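The values are calculated or read from the model by the stated rules, or taken from the named source; none is laboratory data. Here the structure is a predicted model, which means the values were calculated and not measured. Note: ideal-geometry Cβ built from the backbone for every residue, glycine included; neighbour counts use all protein chains shown. What goes into the accessible areas is simple: the full protein's heavy atoms, side chains included, and nothing from ligands, DNA or RNA. Shrake-Rupley method; radii C 1.70, N 1.55, O 1.52, S 1.80 Å.
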Amino acid sequence: MSDDKFTAIVIGGGPSGSTAAYVLAKEGLDVLLIEKGDTSGSKNMFGGRMYSHALNRIIPGFWEEAPVERAVTKEIITFLTEDKSVSVICQNDNWAKEPYHSFTLLRAEFDRWLASKAEEAGAIVATSIKVDDLIIENNKVVGIKAGEDEMYADVIIAADGVNSLMAQKAGLRKDLEPKQVATGIKQIIKLSKEKINDRFQVTDSYGVAQLFVGHCTKGLHGGGFLYTNKDTISIGLVINISALRHNTIRLVDLLEDFKNHPSIAPIIEDGEVEEYSAHLVPEAGINMKPQLIGEGFLVVGDAAGFVLNLGFLVRGMDFAIASGEAAAKAVIEAKKSNDFSKSALLAYERYLKQSFVMQHLEIYRKAPHFLENERLYGKYPALAANLLTKMFTVDGGQPRRLFGTAMNEIKMSGLSLAKLAMDGWKGMRSL
Ligand SMILES: Cc1cc2nc3c(=O)[nH]c(=O)nc-3n(C[C@H](O)[C@H](O)[C@H](O)COP(=O)(O)OP(=O)(O)OC[C@H]3O[C@@H](n4cnc5c(N)ncnc54)[C@H](O)[C@@H]3O)c2cc1C
């Protein structure tokens, strides 16, 4: 490294940035990771669960040392009306075996650990520094400005999250459109390990990921989530911004209502709110992908919109990690020929296409559009809950076969068989 120039400067110490810095430093390249928070992750939030595969490929057996909370062995999807709920539970004890399928996490601890791995590998990690601007010379990004300081590198990696001002400054990304993003709010609720184990029927190291649809968002495009940590619960809501724009509903009130729902209140009873946070989530998948590569510049993770929301699962962490790795590999390749031009950095797109990142975003290209259908958040959860309630209700009244009950409930819900078939068909094709 010359005194004043790095091979790479990574902006942002979330999972995408720390992974890029880790992979680059392991290869012996000079890398500076800049994070605006006091520590990496200090201000970061997510719902609560990371799928393990991407990080396990880079740091095999990471769970031995990483601050993970519980390995998820139980998946629950719950349809809510104001006073009823219907749940589908999938339990798989194989998810409790190495290499664990997914873990619940607390980001402040996890992100700090991942940044420390980059530092251990040889990256310089600078925290409490906000990158204000890029230095662009002859249409090539050559460095960054942070306050009065200027720092230079062969390549800059923008890992600065969903708002990515850096990708905008590099001219690679436009402003986000409301329907491309959701806003998420979350509370971390302290609850004893024993109560969590009892209420969710799990043992110490294993946990639950639960997603909710229906009344929790009052029928708006979005959903609720709940993840069990060691001795806390992560609970929150995610609602698409365009749905919120036409409503006067306050997210904080929605979250309180959600917590008071008869299906939720008993499982969080006696819990104390420890933390409250809010954050944007990119939701449009591949449809919001910006240009990923500029002269001396790469965009990774949420900054590139790499999140997959299928309604029944949400993935951003594994995409962030894998895209950070792909960017680092492209820089390693560019370093060999000492060519950091846009055409040399195209290797980044190649690595992304070889990995699950582009393959998964591509195959679920239609999912964001399908999930805009408001029937998914109002009529269908109500239909499921009302139909199941009828099935299980015995009151000595007039008998009716299940088929007749179902038809009646469909009619009562204002749906038709044609609409059901059409939505089912679209769902099969997009999810
Ligand atoms: C409500 C919600 C629920 C979610 N649930 C899940 C889930 O359960 N599972 C899952 O896999 N994914 C989930 N996600 C998505 C996941 O959180 C993201 O995909 C992931 O955090 C992206 O990582 P990243 O490193 O690209 O960006 P981020 O995690 O946003 O990190 C960006 C970093 O850049 C720093 N930064 C920004 N600007 C600057 C600057 N100018 N200078 C220096 N530093 C800067 C920030 O401080 C931050 O540390 C959820 C997201 C939200 C909001």
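List of remarks:
- Region 383-431 - residue that is touching a Ser or Thr at 6+ places or on another chain (Cβ under 8 Å) and open to solvent by less than 30 Å² (accessible area, probe 1.4 Å) and, of those, nearest to residue 362 (Cα to Cα): 383
- Selected residue [in contact with a strand residue (DSSP E or B) (Cβ under 7 Å, 6 or more places away or on another chain) and either within 9 Å of the ligand (Cβ to nearest atom) or of a type in the set (Asp, Glu) (or both)] from 325, 333, 256, 283: 283
- Filtered residue count, region 192-222, keeping only those that are under 17 Å from the mean Cα position of the chain (by Cα) and at positive phi: 1
- Sub-9 Å Cβ pairs linking a first residue in region 45-69 that is more than 25 Å from residue 224 (Cα to Cα) to a second residue that is more than 15 Å from the ligand (Cβ to nearest atom) and among the β-branched types (Val, Ile, Thr), at least 6 apart or interchain, are 65/59; 66/59, ordered by first then second residue.
- Every residue from region 354-385 that is in a loop (DSSP other than H, G, I, E, B) and either in contact with a Cys (Cβ under 8 Å, 6 or more places away or on another chain) or of a type in the set (D, E, K, R) (or both): 365, 366, 372
- Qualifying residue in region 303-317 (condition: surrounded by fewer than 16 Cβ atoms within 10 Å (Cβ to Cβ) and more than 14 Å from the ligand (Cβ to nearest atom)): no
- Within this structure, residue 323 fails the test of being farther than 21 Å from residue 182 by Cα and open to solvent by 60 Å² or more (accessible area, probe 1.4 Å).
- Matching entry among 236, 285 (being within 21 Å of the chain's Cα centre (by Cα) and modelled with pLDDT under 95): 285
- Considered as a group, the residues in region 1-45 that are among the hydroxyl-bearing types (Ser, Thr, Tyr) and more than 10 Å from the ligand (Cβ to nearest atom) include one that is nearest to the chain's Cα centre (by Cα), and that residue is 22.
- Restricting attention to region 180-204, the residues that are modelled with pLDDT under 95 and small (Gly, Ala, Ser) total 0.
- Any hit, region 225-239, residues being away from the ligand (no atom under 15 Å from the Cβ) and free of Cβ contacts under 8 Å to residues at least 40 places away in the same chain: no
- Cross-chain or 6+ apart pairs with Cβ under 9 Å, region 357-376 first and over 22 Å from residue 323 (Cβ atoms), then assigned to a helix (DSSP H, G or I) and open to solvent by 60 Å² or more (accessible area, probe 1.4 Å): 369/287; 369/426; 370/426; 370/429; 372/179; 373/426; 375/419
- Selection from region 286-302 of residues that are closer than 29 Å to residue 60 by Cα and either open to solvent by 40 Å² or more (accessible area, probe 1.4 Å) or within 10 Å of the ligand (Cβ to nearest atom) (or both): 299, 300, 301, 302
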